[in-house]
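The values are calculated or read from the model by the stated rules, or taken from the named source; none is laboratory data. Source: prediction; values computed, not measured. Glycine gets a Cβ as well: all are built from the backbone with ideal geometry, and neighbour counts include every protein chain shown.
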Amino acid sequence: MKHIFTIALIFIGSLSFSQESEMSPDSLTNLLGIYEKLDEYVPDNLTFTTEDGEEVNFKSLIDKPTVLTLVYFTCPGICSPLLDGIADVISKTDLELGKDYQVLTVSFNEKETYQLAKSKKKNYVKQVTKEIDESHWKWMVGDSTNIARLTQSLGYRFKRDGDDFIHAAAIMVLSPEGKVTRYLYGTYFLPFDLKMALVEAQQGKSGPTINKILNYCFSYDPEGKKYVFNITKVSGTIIIFLALTFLFYMIFSKKRRVLPSKN
């Protein structure tokens, strides 16, 4: 019984969320998704090109709470809904773009140009339903080296698949010092969630992501280009939990039966 209990604990432990800091570089080579790097800083010497063709130091742009989105502009899947979500939450939040926060959108496809970034920016800025200073929503492209260093600092892992990429959908929130303070997953964002994340980023506070549980329950289907409920993973977890509960019950009920009665 003791051996069964040990094996069960090892198995259930394998279902927990992986943390990049606990894994060897070799084991991470083929893993996709987001491995949160809370309280870490983006590198100082990254160079990207804005939609206006201006080469800039990425870190120097961050002087206020910053919403960072990683996409690629020709994405046929979840990038468009993600950017729709950004335009929507900019429209709905009572925070002022440029005064209270800024948005940086970076392409992780090194083949894309700043001209394409400028064209895409126009499309999404038009979706914002209130007046904004669009200079505070910057769109950028970069070479493979700078892209790799930025995405690695954020724990954002993606993979090229032909002309497209397999990747996750999320936004990262940075403090005015460039520290990673929050991850918000999905393609739709509540104004309250974003406001709280930005207020905490201004204070340099980081917070865990409750939406990790959603990331665990849903997997990205690269063929259908959408998130699907991972019934195998969830049902397997439930079965293991019930099995462990039953195991605990059997162990403790057996102990109660063998305890000598007191005279």
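Here are the numbers for the structure shown:
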read-out: Single unsatisfied condition, residue 140 versus (1) crowded, with 17+ Cβ neighbours inside 10 Å; (2) more than 27 Å from residue 100 (Cα to Cα); value: (2)
read-out: Unmet criterion (only one of (1) part of a helix (DSSP H, G or I); (2) at pLDDT 95 or above; (3) over 26 Å from residue 114 (Cα atoms)) for residue 146; value: (3)
read-out: Scope the range 83-96; condition surrounded by fewer than 21 Cβ atoms within 10 Å (Cβ to Cβ) and either over 24 Å from residue 142 (Cα atoms) or free of Cβ contacts under 8 Å to residues at least 60 places away in the same chain (or both); matching residues; value: 87, 88, 91, 92, 93, 94, 95, 96
read-out: Candidate set: the range 166-188, residues that are at pLDDT below 95 and aromatic (Phe, Trp, Tyr); chosen: the one surrounded by the most Cβ atoms within 10 Å (Cβ to Cβ); value: 185
read-out: Residues of the range 128-142 that turn out to be closer than 19 Å to residue 114 by Cβ and either among the β-branched types (Val, Ile, Thr) or free of Cβ contacts under 8 Å to residues at least 60 places away in the same chain (or both), as a count; value: 5
read-out: Among residues of the range 168-182, those that are over 9 Å from the mean Cα position of the chain (by Cα) and aliphatic (A, V, I, L, M), counted; value: 3
read-out: Selected residue [in contact with a strand residue (DSSP E or B) (Cβ under 9 Å, 6 or more places away or on another chain), surrounded by fewer than 16 Cβ atoms within 10 Å (Cβ to Cβ), without any contact (Cβ under 8 Å) to a residue 40 or more places away in the chain and among the β-branched types (Val, Ile, Thr)] from 103, 125, 71; value: 125
read-out: Residue that is surrounded by the most Cβ atoms within 10 Å (Cβ to Cβ), among those in the range 15-59 that are modelled with pLDDT under 50 and part of a helix (DSSP H, G or I); value: 20
read-out: Cβ-Cβ under 9 Å pairs, at least 6 apart or on other chains, the range 186-209 side closer than 16 Å to residue 36 by Cβ, far side part of a loop (DSSP other than H, G, I, E, B) and hydroxyl-bearing (Ser, Thr, Tyr); value: 200/175; 200/206; 201/175; 205/175; 206/175
read-out: Matching residues in the range 101-138 - criterion: being over 24 Å from the mean Cα position of the chain (by Cα) and part of a loop (DSSP other than H, G, I, E, B); value: 113, 126, 129, 130, 131, 132, 133
